[in-house]
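*Asks:* Let me begin by handing over the structure; questions about it come next.
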Amino acid sequence: MSMDWGYTVEPSEGGSEIMHALAEADAPRHSDKSAGKWVKDNLFNTWYNTIITLVFGILAAWGGFKALKFIFVTARWEPVAENIELFMLGLYPRAEVPRVVVQLFLMSGAGGLIAGWLKARAAATAEESGVEVVKTPIRDYVGSYSALVLFMMATLIVGADTIGPWLVLLGSILAAVTGFLATKPLANPLTKIILLSPLLLAAGMLTRVQDLNNQAAYTIAIIAIVLLVIVNLSQSLTLMLSAGMLAGVAGFQTLSGTGGLAWIFVLIAILPIGLELIAKLTERLPAAAAWVGAAIVAAALVWRATVEPTGVVTIVLAIILIAAVIPLLRGDGGLAMRAGGVVVLAVLSWAACNAADVTGIDWSDWGGLQLNLVVAGASTVLAFPIGLLLALGRRSSLPVVRYMCTAYIEVIRGVPLISLLLMGAFFIGFFLNSDTPLSSVTRATIAITMFAAAYIAEIVRGGLQAVAKGQTEAGQALGLPAAKITRLLILPQALRAVIPSMVGQFISLFKDTSLLSIIAILEFLGVREIVHAQEDFRGFGIAESLVYVAFGFWALSFTMSRESQRLERKLDVGDR
Amino acid sequence: MAAVVIVFFTLRWLLNNLSTNLESQGIPTDWNFLDAPAGFAIRDSPFDPESSIKSLLWVGIRNTAAIASIGIIMALILGTIIGIGRLSTNWIVNKLSTLYVETFRNIPVLVIIIFFGFALFTFGPLPVFSPTSAPDIITFPGTDVNLAIVSKSRLGFLSIQNGENSGIFWIIMLAGLVGAIAMWIWRSRVNERTGQAHHRILYSLGVLVTVGVVAFLALGAPLGWSSPVVSESGRIIIGGIATNDGYIAITLALGVYTASHIAEIIRGAILAVAKGQSEAANALALSGMQRYRFIILPQAIRIALPSIINQFLNLVKNSSLAIVVAFPEITALTKTAIGNGNPAPQMILLLMACYLAFSLVISLVLNIVNRRFQLVGR
């Protein structure tokens, strides 16, 4: 029995039926009719269809002509062309642009690695269950990515006045290809050379691009090469995932610096492979080794407690220690081993971050399209655990928990994002006890995260509901405790089912980041304010810059939504 | 249980911080500001700056309702047409509908709103409205009754005006509506009992129109037209329905944007109706029209309604973006009021409460509709 606020619509009610029908209808089909018959069947089969075809055909031709004439003849693209850096990066310090280049390379590499991991995982699963992997025809990729490519080409053609940006694009593509190839098992040395050459090219380019410090470039390149070679030799799925996430984290940190919380991201990135290694180690070591794990946690706790007795890390460590020691006393040392291992990994990542010591660019200085992507990504990542907890809380058997979670979800879903952003802009800082005021971007990110968490909670809840009841009952029959049933049986199935919806949520958040312009943050849309405040472009080319921004948003959202549809067909969520 | 305790203490900590901080900043924590004068005028509105914040919020709520009501109707009609267009076998209709959906679905609604503001008004062909420049006036052919006045900033349209006895007229019309509903129920029963054609729409409309015409003639024309005219000062429009560019831009933009989402829902719902249903209809030798009217659409509506209700709620929430075309709906007014020194926490709490109330009202009404459509015990 859940609280009914009257205006909610169950996610599984109708919505999933519609999504499934659409996914099926949009699956690519390729017909082989002759052209003449096709025209007759699809355009002129009845008298009224002939009229409709003629009317709409003329309208479409006229509209298309007008649009093309605007784009290629009448439009004045100077405001866009002269300010392309503003549109991409906002007021980001120009001297620090090489960091963005490194970030692009690393992010592309991460994308390649993750794509390769997804592919390898799909292949492994298919082999296990004895089904064939469905190959995506190349024309589907062309259909998805053409919008993105078009946008990048348009941006470069209009805005790039040197060869630099083209080289950056080329390097990013090469980095992505290298990352992808690294996940492929390769037999002979020749292919390995081919594998590495794009990477070397990319590394070389890193040093060529503008004035990036050569030493830093070589360090990044060498670490990347070593990592990729290990990935390639081991062919371990978890290593691919960890390497991909690590590259992504590194890309993010080249901009935001490695001080503060960076070690947590690094820890999360290396956690998959770390846990696998710990599990392997546990098998080989005697059971008593679990006490060593507990001792490591205890040592870390003592160390943190002397430095910062009431810090978050201290409290978390204390909770972990208690949680690990209780089963250990009963003879179950698994948790203590894992806890000890994770603490070691945490210390390692903390040490690594300290050693790297990159000072960051404060993200109130970030801007342009970069900021939209980062804020959307950061809010999705931050909101996911909150949303997951909210979704589980909404299904909790404790009424207090259930009501609190439901109230939060329903209130947030009932109000517009702009009201939360205004809250962020005017008084979110008042909730915190800090002396330094939060930057406007941070406040906006908090507001968007609060907003996204409620929506993600509903998506996850939909996924949880989609898991058949028999699964829970099967778990109970095996005598598993409720927490284990949720963690081992329900969540993996539920989360797999919600991946496409999560991508959809990211797209919608990405579009919603345009609202930041209302609270005076210079993101992709808001940059137009300063572009048209310039002497040369005051009241000039206003429509053109808006068209460019709209095209940018459109291209990215379109490509992402196409990819998510493909993902949905691939996972075939509806058919389960 | 531990989670509850943690959440409780976190909340207490947050609220403690809030009250301490508000106190130290000298921001009032009571609600007395609601009765204080607003202190600013609203664009294109007779709103008196001396009126209270309460009445200011009321203006905002009415303006939001004005966007939502027209926007929802527009989105539903346009969305249905395009959704069906996407299923058309005519290649050009199909592709144009797809182009429409894929374009508007993937552009932020804020960009679309700004675009409509620019395309229709800033760069549109309309004349400037000022004492020195005359707006375009469209008159009823052959007379000098103004149908509409259009310009870059102000617009006025012909409207119905209540005259003498209009109160009685509306009461009679209400009775007529009740009669029409009774007629509808009676014809449905006749149809169920005897199987003869019910012609419900015809009969009910007949009742309503007859009552309306008779009452109109008997009361001696209780309603009249109100035609928009430019005031003598040349600054505002008097009579008719006066509105401004911001309203037109936001309503059209939201209608167009939401339609792209509704179109996909309609298409998906029609596709989701099991194929066997369609084949069964064919086997019964129903015509194409009949198949849609009696077999596919009733089931498709049932599937689509919950998602369409969600889109309506989204439209209401998106109306908060009218701020960028300077239309004074509730969010824009709240923001201005906060800028004028009213306490932000209370104002934003009220703002959220308003949207929650809007959501509640809309979904209350539509959920009743929805319940009528859903099958019981499915």
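*Asks:* If you wrap a convex hull around the alpha carbons of the range A:361-489, what volume per residue comes out, as a whole number of Å³?
*Replies:* Given the Cα convex hull of the range A:361-489, per-residue volume reads 146 Å³.
*Asks:* Tell me, what is the Rg over Rh of the range A:259-357, with Rh the Kirkwood radius over Cα pairs?
*Replies:* That ratio equals 0.98.
*Asks:* Sum -39500 (n - 2.57) across every DSSP H segment of at least 4 residues in chain A, then divide by the residue count to get the 222 nm mean residue ellipticity, nearest 500.
*Replies:* Roughly -24500 deg cm²/dmol at 222 nm, from the helical runs in chain A.
*Asks:* Right, next: Hey, what does the equivalent ellipsoid look like for chain B, semi-axes from the Cα gyration tensor as sqrt of 5 times each eigenvalue, largest first, whole Å?
*Replies:* Value: 40, 33, 25 Å, ordered largest first.
*Asks:* Still on this model: Going by Cα centres, the range A:481-556 and the range B:80-106 are how many Å apart?
*Replies:* 24 Å
*Asks:* Here's a follow-up. Using the Cα atoms of the range B:171-246 to build a convex hull, what is its mean projected area in square nanometres?
*Replies:* The directionally averaged projection comes out at 8.6 nm².
*Asks:* State the Cα centre-to-centre distance between the range A:71-92 and the range A:248-264 in whole Å.
*Replies:* 30 Å
*Asks:* Follow-up. Helix-derived [θ] at 222 nm for chain B: sum -39500 (n - 2.57) over DSSP H runs of at least 4, divide by residue count, nearest 500?
*Replies:* Calculated mean residue ellipticity at 222 nm is -21000 deg cm²/dmol.
*Asks:* Could you work out the local net charge near A:Tyr141, counting Lys and Arg as +1, Asp and Glu as -1, over the other residues with Cβ closer than 12 Å to its Cβ?
*Replies:* For residues surrounding A:Tyr141, the net value is +2.
*Asks:* Taking a ≥ b ≥ c as the square roots of the eigenvalues of the Cα gyration tensor of the range A:461-510, is the shape rounded (a/c under 1.5), prolate (a/b larger than b/c) or oblate?
*Replies:* Cα axes put the range A:461-510 in the prolate bin.
*Asks:* Around B:Asp136, which amide H atoms from residues at least 5 apart in sequence, or from another chain, sit under 5 Å from its own amide H, with H modelled in the peptide plane?
*Replies:* Residues meeting the criterion, in which the H sits 1.01 Å from N, are B:Val150.
*Asks:* Sort the following peptides by mean Cβ neighbour count (other Cβ atoms within 10 Å, averaged over residues), highest first: A:442-450, B:362-370.
*Replies:* By packing density, highest mean first, the sequence is A:442-450, B:362-370.
*Asks:* Could you work out Rg/(2.2 N^0.38 Å) for the protein assembly as shown, with Rg from alpha carbons only?
*Replies:* Cα Rg divided by the expected 2.2 N^0.38 Å: 1.05.
*Asks:* Can you give me the relative contact order of chain A as a percent, contacts being Cα pairs under 8 Å and 6 or more apart?
*Replies:* Rounded, it is 20 percent for chain A.
*Asks:* Report, largest value first, the span of the C-alpha coordinates of the range A:210-269 along each principal axis, in whole Å.
*Replies:* 35, 26, 13
*Asks:* What is the sum of charges, Lys and Arg at +1 and Asp and Glu at -1, for the other residues whose Cβ falls under 14 Å from the Cβ of B:Met183?
*Replies:* +3
*Asks:* A further question on this structure: Once Rh for the range B:136-179 is found with the Kirkwood sum over Cα pairs, what is the Stokes-Einstein diffusion coefficient at 25 °C and 0.890 mPa s, in µm²/s?
*Replies:* Approximately 187 µm²/s, per Stokes-Einstein.
*Asks:* Stokes-Einstein D for the range B:1-123 at 25 °C, 0.890 mPa s, Kirkwood Rh over Cα pairs, in µm²/s?
*Replies:* For these conditions, the coefficient is 122 µm²/s.
*Asks:* Continuing with the same structure: For chain B, what does the relative contact order come out to in percent, with C-alpha contacts under 8 Å and a separation of six or more?
*Replies:* 23 percent
*Asks:* What is the Cα centroid distance between the range A:338-415 and the range B:299-331, reported in whole angstrom?
*Replies:* So the two Cα centres are separated by 29 Å.
*Asks:* Please compute the average number of Cβ atoms from other chains found within 10 Å of each residue's Cβ in peptide B:361-374.
*Replies:* That average works out to 2.
*Asks:* Sticking with this structure for a sec: What is the average number of partner chain Cβ atoms found within 10 Å of a Cβ in B:84-95?
*Replies:* That works out to 5 on average.
*Asks:* A 31 angstrom limit on the alpha carbon distance is what I want to check against. Which of A:Lys37/A:Lys511; B:Lys152/B:Lys317; A:Lys69/B:Lys95; A:Lys66/A:Lys511; A:Lys40/A:Lys511; A:Lys469/A:Lys511 exceed it?
*Replies:* Table pairs above 31 Å Cα-Cα are A:Lys37/A:Lys511; A:Lys40/A:Lys511; A:Lys469/A:Lys511.
*Asks:* Averaged over B:305-314, how many beta carbons belonging to a partner chain fall within 10 Å of each residue's beta carbon?
*Replies:* Partner-chain Cβ atoms within 10 Å, mean over residues of B:305-314: 4.
*Asks:* Name the long-range amide H neighbours of B:Trp225: under 5 Å, sequence gap of 5 or more, or other chain; modelled H, no Pro or chain starts.
*Replies:* B:Gln161
*Asks:* On to the next question. So if we plug the beta-carbon distance of A:Leu118 and A:Arg94 into 1/(1 + (r/R0)^6) with R0 = 45 Å, what FRET efficiency do we get, rounded to 0.05?
*Replies:* Using R0 = 45 Å, I get an efficiency of 0.80.
*Asks:* On to the next question. Can you give me the span-like helices of chain A, meaning DSSP H runs with 18 Å or more of Cα extent along the axis and Kyte-Doolittle mean at or above 1.6?
*Replies:* Passing helices, by number: A:164-182, A:214-234, A:289-307, A:312-329.
*Asks:* Taking the Cβ of B:Ile201 as the centre, find all other residues whose Cβ is under 14 Å away and add up their charges (Lys, Arg: +1; Asp, Glu: -1).
*Replies:* Residues close to B:Ile201 contribute a combined charge of +3.
*Asks:* So, by mean Cβ neighbours within 10 angstrom, what's the order for B:155-164, B:7-16 with the highest one leading?
*Replies:* B:155-164, B:7-16
Throughout, read-outs are computed from the coordinates displayed, never taken from laboratory work. Computed from a predicted model, the values in this text were never measured in an experiment. No Cβ is skipped: glycine too gets one built from the backbone with ideal geometry, and neighbour counts run over all protein chains shown.
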